[in-house]
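Working notes, beginning with the structure itself.
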Amino acid sequence: MNTHVHADHVTGTGLIKTKLPGAKSVISKASGAKADHSVEHGDKIYFGKLFLEVRATPGHTAGCVTYVTGDSPDQPSPRMAFTGDALIIRACGRTDFQGGSSDQLYQSVHSQIFSLPKDTLLYPAHDYKGFTVTTVEEEVAYNARLSRDKETFKTIMENLNLSYPKMIDVAVPANMVCGFQDPPSKV
């Protein structure tokens, strides 16, 4: 299950599919990427009696989604959300390429993630300081970017001055086909 088309690494989905026949890839329809299943906001992905709700959280990329555990009594408690790069612990993904928008990311996080119960466990796609989990309550209070008002957030994002991702020219094309690249033709 991919939260978006990553630019900094090639997804493991293709490798998983080669090792586990029958495994299916999932990504948002809005990403434009190929997958076995394309999902949209409001879809539910069932596995056994449990399910994940798909929430569109564009802004880092145009096709970002967050997967959230259900809110019925037979679902895990506290709830969990797998945020991809829309929300990284105490930060968020950049918004300067792949259809990104700081305005849209701010709106997405505030309406789709920060609106969850405050004890919801948040799992980002990765974190650069070794943390693996946070909560809505912690991020609302301590996220250096997203705890600010929208205009301050947009100014922060416009002034990050990040370098061009080293893997983007390899990762994006590969991730547009969920990690599979066309094998070289035999000569």
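The values are calculated or read from the model by the stated rules, or taken from the named source; none is laboratory data. Values in this document were obtained by computation on a predicted structure and should not be read as measured data. Just so you know, the surface numbers come from the protein's heavy atoms only, side chains and all, with ligands and any DNA or RNA stripped out. Shrake-Rupley method; radii C 1.70, N 1.55, O 1.52, S 1.80 Å.
For the chain, what does the accessible surface come to per residue with a 1.4 Å probe? Please give it in Å².
Working: 10190 Å² over 187 residues.
Per-residue value: 54 Å².
Given H placed on each backbone N at 1.01 Å, which residues far from Phe51 in sequence or on other chains put an amide H within less than 5 Å of it?
Gly70
Given H placed on each backbone N at 1.01 Å, which residues far from Ser28 in sequence or on other chains put an amide H within less than 5 Å of it?
Val39
How much of the accessible area of the chain, in percent, comes from carbon and sulfur atoms when a 1.4 Å probe is used? All intermediate terms of the calculation are to be shown ahead of the outcome.
Numbers: 5640 of 10190 Å².
It is 55 percent, rounded to a whole number.
Restricting to Cα pairs below 8 Å that are 6+ residues apart, what does the relative contact order work out to for segment 27-159? Please round to a whole percent. Intermediate values should be presented prior to the final figure.
Details: 269 pairs, mean separation 26.6, N = 133.
Taking the mean separation of contacting Cα pairs over the length of segment 27-159, I get 20 percent.
Take Arg55, Arg90 and sort them by solvent-accessible surface of the protein heavy atoms, 1.4 Å probe, largest at the top.
On the way: Arg55 35, Arg90 85 Å².
Accessible-area ranking of Arg55, Arg90, largest first: Arg90, Arg55.
Once you have a ≥ b ≥ c as the square roots of the Cα gyration tensor eigenvalues for the chain, tell me rounded if a/c is under 1.5, and otherwise prolate or oblate according to whether a/b is larger than b/c.
Working: a/c = 2.03, a/b = 1.19, b/c = 1.71.
Taking the square roots of the gyration eigenvalues as a ≥ b ≥ c, the chain is oblate.
Apply the Karplus curve 6.51 cos²θ - 1.76 cosθ + 1.60, θ = phi - 60°, to the phi angles in segment 105-119 and return the couplings in whole Hz, x for Gly and Pro.
Computed from phi, the couplings for segment 105-119 are 5, 4, 4, 4, 5, 5, 8, 10, 10, 5, 7, 6, x, 4, 8 Hz.
Residue by residue, what Karplus-based ³J(HN,Hα) values in Hz, rounded to whole numbers, does segment 127-136 have, using 6.51, -1.76 and 1.60 with θ = phi - 60° and x for Gly and Pro?
9, 8, 10, x, 7, 10, 8, 9, 10, 4
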